[in-house]
1. To the nearest 20 debye, what charge dipole does the chain have about its Cα centre, counting +1 at the Cβ of each Lys and Arg and -1 at the Cβ of each Asp and Glu?
2. Could you give the nm distance between label points at Ala136 and Arg24, where each point is 7 Å from its Cα heading toward the beta carbon?
3. With charges only on Cβ, +1 for K and R and -1 for D and E, what is the dipole size of the range 138-251 about its Cα centre, in debye, rounded to 20?
4. Please report the accessible area of Trp81 (heavy atoms, 1.4 Å probe, ligands and nucleic acids excluded) in Å², nearest 10.
5. So what is the relative contact order for the range 172-251, in percent, with contacts set as C-alpha pairs under 8 Å and at least six apart?
6. Rolling a 1.4 angstrom probe over the protein chains, ignoring ligands and nucleic acids, what is the accessible area of Glu247 in square angstrom, nearest 10?
7. Pop out the carbon and sulfur fraction of the accessible area of the chain as a percent, whole number, probe 1.4 Å.
8. In nm, what is the difference between 0.36 nm times the number of residues separating Ala183 and Val248 and their Cα-Cα distance?
Amino acid sequence: MKLLPNHRAHDAQHLIRRWRVLARETGCRTRVLCGLDDVAVIAIESAAAQKGAPAVYLSSGVHGDEAAAAWGLLLWGEKHWRKLAQGSFLIAPCLNPIGLMLNTRADHRGIDINRRFHDAEDVICGPWQRWITGKAMRFGLCLHEDYDAQGIYLYELNHARETAGHEIIGRCASVIAPDPRTAIDGQRARGGVIRRRTLPTHLPGMPEAIELHQRDCPLTLTFETPSEFDLDTRVRAQVKFIESAMEVLGA
C-alpha cells in the first residue's frame, strides 16, 4: 500500500475506523479510553489477552508528528490478522489522535504526553494506566520517529543480561540502515541500539516505555525511524521492526 499519494497520513479518524474493523474481524475488543473533541483514544485487546494470557504490548501515535509509526502498526495488524486473532496482544493504536491530525508532537493541550505516563490524573495517561494496570505483559514495543535520526535505532530496557536489540535492528537494515552515531540523545549507542541498564533520572516526567518497565514489563523496545525519510519507506521499516521483534522474541 502506498500511503503518500492518498494524503491520509494524518487522518486519525480513518486510522481509528480501520482499527475498529480489524478488531471486529479478529475477535478483539475495542475499548474507548477517553474522548477528545469527538475523537476517541482507543485500546485493542485480543481474545487471549482478555482471558489473562501474558500479552505483547504495542503502541504508537504518542507523538502526532510521527505518522509512520501509527500507520506501520495498523498495516502490521492488517497483514498479520491471523496472529492478532490467535495471540495475546494489548494495543494502543494512537494515543494522541488530535496531535496526529495537527501534525504536532504535543497533544490537544500542547503537552508532550510521553512525559505524563506516571500521572493518574492526566486526561489520556490516567485512563491508559487504569487500562494497563494488572495486565501481564511479555514485552512492549513503543513505536516512534525522530527527525534528527540518521537511520533506524532503538532504546532497550531489559531485565535480562543479553540484549535483543542488535539482532532485531539487523533484520530491519534491509529497509533502512541503522543510525551510525555512537551517541544518540546523549546516550551511548552501538549499531543503532541504546541499551539502558539504569533508568534515567533527568527527565521531567515518565515516558511510556519506562512506565511499562516500572509496571513489570520485562522488556521494552522503543523503535525510531528517521522522519526526514520518505513516508512509505518509514512505514515499511516500522512493519519490519514489529515482525522482527516477534520473530526474535518468540511471539
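1. Here the chain has a charge dipole of around 820 debye.
2. Output for this residue pair reads 3.2 nm.
3. About 460 debye.
4. 110 Å²
5. Worked out over the range 172-251, it gives 28 percent.
6. Only protein atoms counted, so the area is about 110 Å².
7. 48 percent
8. 20.9 nm
The values are calculated or read from the model by the stated rules, or taken from the named source; none is laboratory data. Just so we're clear, the structure is a prediction, and the values are computed from it rather than from any experiment. Cβ: placed from backbone, ideal geometry, glycine included. Neighbour counts: every protein chain shown. SASA here: full protein model, heavy atoms, side chains in, ligands and nucleic acids out. Shrake-Rupley method; radii C 1.70, N 1.55, O 1.52, S 1.80 Å.
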